[in-house]
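One structure is given below, encoded as structure tokens.
The values are calculated or read from the model by the stated rules, or taken from the named source; none is laboratory data. Keep in mind it's a predicted model, so treat the numbers as computed, not measured. Positions of Cβ are backbone-derived with ideal geometry, glycine not excepted, and every protein chain shown enters the neighbour counts. Note: areas computed on protein heavy atoms with side chains; ligands, DNA, RNA excluded. Shrake-Rupley method; radii C 1.70, N 1.55, O 1.52, S 1.80 Å.
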Amino acid sequence: MQIKAFGTTNLKLAEAVRRQRTVSVDHDKLAKYLVPELGKQLLAHEHAMQTAFADVSRPMLAELEESRAALNEAGAQVSEQVRRAGEQVAQLRGTVTWRTLGQISAALLPLAIAVSMVFGTAQTVWAAFGLQPILYTFWIWFLDAHEWYWRLAIAGTAFAVLIGFGWLTVMVGRKLHEFFRGY
């Protein structure tokens, strides 16, 4: 076995290995030799990692800062709107009294009576012509249908009948309005 050695330290080491045929390592001496180099390498690696992380995270941090600024601006706008709404509520407090509510109800009473009369008249006419069994028949058919498309067709037909009756009611109402307008 031939070992090429460079320098006197390596030559001594090669001679010691030839004599003993086993290599023993003094871990303390090896650690004293390797730890300073390992520490330097780890510090250099850590510095490189921190630099790379800073380079990569810089655009994300800028985007997050822009988002934060936009959210702060939106939050300021919302809080301003809430403040103004609170001021408006404070100004309206006490404005709607029972007296005002009574006046609004009295103003809407003729509309309620008119709507009630129209629905009552339509129901009476519907019953007078014997059309109530038509809707009842549609309802029975709807309940007996098992497929969705039959139910949709039945509901559409019933809706068309109601629309037709509503159109007929509006037309008759307009004719009566024109006829009785002069009186």
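Being part of a loop (DSSP other than H, G, I, E, B), hydrophobic (A, V, I, L, M, F, W, C) and either open to solvent by less than 90 Å² (accessible area, probe 1.4 Å) or touching a Leu at 6+ places or on another chain (Cβ under 7 Å) (or both) is the filter here, so list the residues in the stretch 126-163 that pass it. Working first, answer last.
Filtering the stretch 126-163 for residues part of a loop (DSSP other than H, G, I, E, B) gives 129-131, 145-147.
Still in the list and also hydrophobic (A, V, I, L, M, F, W, C): 129, 131, 145.
Scanning the stretch 126-163 gives LEU131, ALA145.
So GLY120 fits all but one of (1) out of contact with any helix residue (DSSP H, G or I) (no Cβ under 8 Å at 6 or more places or on another chain); (2) open to solvent by 60 Å² or more (accessible area, probe 1.4 Å); (3) within 26 Å of GLY173 (Cβ to Cβ); what number is the exception?
(2)
Can you spot a residue in the stretch 109-117 that is within 21 Å of GLY164 (Cα to Cα) and modelled with pLDDT under 80?
Yes, the stretch 109-117 has at least one match.
Which members of the stretch 126-180 meet the condition of being β-branched (Val, Ile, Thr) and over 29 Å from ALA114 (Cα atoms)? Steps first, please.
Step one: filter the stretch 126-180 for residues β-branched (Val, Ile, Thr), giving 134, 137, 140, 154, 157, 161, 163, 169-170, 172.
THR137, ILE140, ILE154 - these are the residues of the stretch 126-180 that are β-branched (Val, Ile, Thr) and over 29 Å from ALA114 (Cα atoms).
Output yes when any residue across the stretch 148-156 is on the phi > 0 side of the Ramachandran plot and within 40 Å of the chain's Cα centre (by Cα), and no when none is. Spell out how you get there, then give the answer.
Kept after step one, since they are on the phi > 0 side of the Ramachandran plot, are these residues of the stretch 148-156: none.
Taking every residue of the stretch 148-156 in turn, none turns out to be on the phi > 0 side of the Ramachandran plot and within 40 Å of the chain's Cα centre (by Cα).
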